[in-house]
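Data block below; observations after.
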Amino acid sequence: VLSHNLCTVLNVPHDPVALEEHFRDDDEGPVSNQGYMPYLNKFILEKVQGNFDKVEFNRMCWTLCAKKNLSKSPLLISDEDAFKVWVIFNFLSEDKYPLIIVPEEIEYLLKKLTEAMGAGWQQEQFEHYKVALNSSREGLSAWELIELVGSGRFSKGMDRQTVAMAIGEVFNELILDVLKQGYMLKKGHKRKNWMERWFVLKPNVISYYVSEDLKDKKGDIMLDGNCCVEALPDKDGKKCLFLIKCLDKTFEISASDKKKKQEWIQAIQSTVSLLRAGRPPPHKEARQKRRELRQKLLAEQEELERQMRELQAANENKQKELETVRKQLEAAAARAAEEEKKRLQTQVELQDRFSLELEREKMVRQKMEEQVAQKSSELEQYLQRVRELEEMYKQLQEALEDEKQARQDEETVRKLQARLLEEESAKRAELEKWHLQQQQTIQMTEAEKQELENQRMIKEQALQVAMQQLKQLELERKEALEQYEEVKKKLETAANNTKSWKDKVAHHEGLIRLIEPGSKNPHLITNWGPAAFTEAELEQREKSWKGKKTTS
């Protein structure tokens, strides 16, 4: 019956003939001669392919051993919770028989249960328990662990339902590889309607069910290294949306709030990253690291014990040798007085030599320390020099920017000066025209004198207005000239700064090469400073003025 049930649970074909053949010559019972373990290993376990339900297999093993070993004292947990603790024990126990769970794994499990219950971890209480445990044995068996969890020693103040929920949550994470689970809305592929589903995230798949009892499964989202998850903006009245992209399909999901949305996105991204890297789930990887650390510490402890034994043996040998030498010295003390004197003298010489060597070593060490200090000082000077060069480079860039801005201001002032000169020339031509017209008016007849007088008065008023405008232009020209002088001073200051920085850079081994402005064409000099036009433009303007005078 046991073999048939094992084959059924492990999806292995049962062979009754092999069973009969294995135990046919046994007259005292079916397991007395060859034993059941050889048959189990050869005809059942060697044929297992791994495509079986591990939970059902655990339940069968639990059924075989629970009734005999489970404590009869009342516990705060149900038989189902005791079964889950038993399965967790098999996951966390050491790979040697008889199976035990070491204190480090007990602490890990109790911490997980405490976090799941929302209570605070009592480290001091566990340390006292750990000290008492280490004084008697290496760890706990499965039934002792069940009794510890069921006694409520580390879950005081929690009701049975809270403890059961915590055990279920830890069981789902460690045994069923459930990385995250919860209710969310899923958009259908055909009808495009939104339905609430219970989602369960595992290392390579996301399964979704009608409810959290996991009875009515609606589908799977297969995950691999090519999958990705993206956050989506709110649309169609749905909020907290995100998208899961696979090779053949995409799934639109709506979480209950932004926090749940971010938790699911991070959990799926972490799962896909583990698949890309080919790494196991986090809890299995953590278990493996804890085991490797314990093995490493155990190996170091064994090596330390071995070295201590070797040192103790060597010490005993040395003690024996010293005892032998002492006896030999005592036997030869009478006839070795002179040799003792020589030995003392040799010892003094050796001490003197050792002192000289010690002094020499101190001098060498002092020289090395001085060299190290000198190298450190040189390195600090070099770094300071590099920082100064960097600061000079920044200041040089600022000086070049100031020079560039000064030249732009100079060009603006020159353009303004040229415009003012043109306006001044136009006003002067207009004044000359009015003057000629006034002279012609004086030569008119007396009959027209009165009329001309009136026109003259009007023109004089216009002339006065023009003179005022001319004065205004003169003031603007002076202001422009002052602005030009200021810009010129700024340009000279920038040029001086550039020159000074150029000298500093040349002094610092020429690490930076200045960018200098190109040469300019020579300018004409007027009574108000450098002209804003060339000689050819001046000749053209003179011809234009002479033409206007001839016309008037």
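Odds and ends about this structure:
- Enumeration of residues in the stretch 130-147 that are under 19 Å from GLU94 (Cβ atoms) and part of a helix (DSSP H, G or I): LYS130, LEU133, ASN134, SER136, ALA142, TRP143, GLU144, LEU145, ILE146
- Only one of GLN347, GLN307, GLN301 that is within 47 Å of the chain's Cα centre (by Cα) and at pLDDT below 90: GLN301
- Residue within the stretch 285-298 that is open to solvent by less than 80 Å² (accessible area, probe 1.4 Å), in a helix (DSSP H, G or I) and more than 27 Å from SER93 (Cβ to Cβ) present: no
- Restricting the first member to the stretch 486-502 and to residues that are within 18 Å of LEU389 (Cβ to Cβ), and the second to residues that are aliphatic (A, V, I, L, M) and at pLDDT below 80, the beta-carbon pairs closer than 7 Å and six or more apart or on different chains are THR498/LEU514; LYS502/LEU514.
- Scanning the stretch 153-191 for residues that are of a type in the set (S, T, N, Q) and touching a residue at least 24 places away in the same chain (Cβ under 8 Å), we see that the one that is least open to solvent (accessible area, probe 1.4 Å) is SER155.
- Leading residue by the ranking (nearest to LEU470 (Cα to Cα)) among those in the stretch 417-450 that are open to solvent by less than 90 Å² (accessible area, probe 1.4 Å) and not in a helix (DSSP H, G or I): MET444
- Residue satisfying all of: in the stretch 87-122; in a loop (DSSP other than H, G, I, E, B) and hydroxyl-bearing (Ser, Thr, Tyr); surrounded by the fewest Cβ atoms within 10 Å (Cβ to Cβ) among these: TYR97
- Residues that are over 24 Å from GLU285 (Cβ atoms), touching a residue at least 60 places away in the same chain (Cβ under 8 Å) and crowded, with 16+ Cβ neighbours inside 10 Å within the stretch 77-86 comprise ILE77, ASP81, ALA82, listed in sequence order.
- Any chance LEU214 is modelled with pLDDT under 90, under 22 Å from ASN172 (Cβ atoms) and open to solvent by less than 90 Å² (accessible area, probe 1.4 Å): yes
- Contact annotation: residue pairs with Cβ atoms under 7 Å, 6 or more positions apart or on different chains, pairing a residue in the stretch 224-245 that is open to solvent by 20 Å² or more (accessible area, probe 1.4 Å) with a partner that is at pLDDT below 90 and among the charged types (D, E, K, R), are GLY225/ARG276.
- Hey, LEU140 out of contact with any Phe, Trp or Tyr (no Cβ under 8 Å at 6 or more places or on another chain), over 26 Å from THR8 (Cβ atoms) and open to solvent by less than 10 Å² (accessible area, probe 1.4 Å) or not: yes
- Of the helices (runs of 4 or more DSSP H) that lie entirely inside the stretch 7-86, those containing 1 or more residues that are modelled with pLDDT under 80 and over 30 Å from GLY157 (Cβ atoms) span 16-22, 36-39.
- Some residue of the stretch 137-156 being within 26 Å of GLU212 (Cβ to Cβ) and modelled with pLDDT under 80: yes
- Checking each residue in the stretch 212-270 for being outside any strand (DSSP E or B), among the basic types (Lys, Arg) and closer than 20 Å to MET195 by Cα picks out LYS215, LYS239, LYS249, LYS258, LYS260, LYS261.
- Within the stretch 7-22, one or more residues are in contact (Cβ under 8 Å) with a residue 40 or more places away in the chain and either open to solvent by 30 Å² or more (accessible area, probe 1.4 Å) or in the same structural domain as LEU148 (by the TED database) (or both).
- Evaluated against (1) assigned to a loop (DSSP other than H, G, I, E, B); (2) farther than 25 Å from GLY168 by Cα, MET195 falls short on exactly one condition, (1).
The values are calculated or read from the model by the stated rules, or taken from the named source; none is laboratory data. Being a predicted model, the structure only gives us computed values, none of them experimental. For neighbour counting, all protein chains shown are included, and Cβ atoms are generated from backbone atoms with ideal geometry for every residue, glycine included. Please note that ligands, DNA and RNA were not included when accessible areas were found on the heavy atoms of the full protein model with its side chains. Shrake-Rupley method; radii C 1.70, N 1.55, O 1.52, S 1.80 Å.
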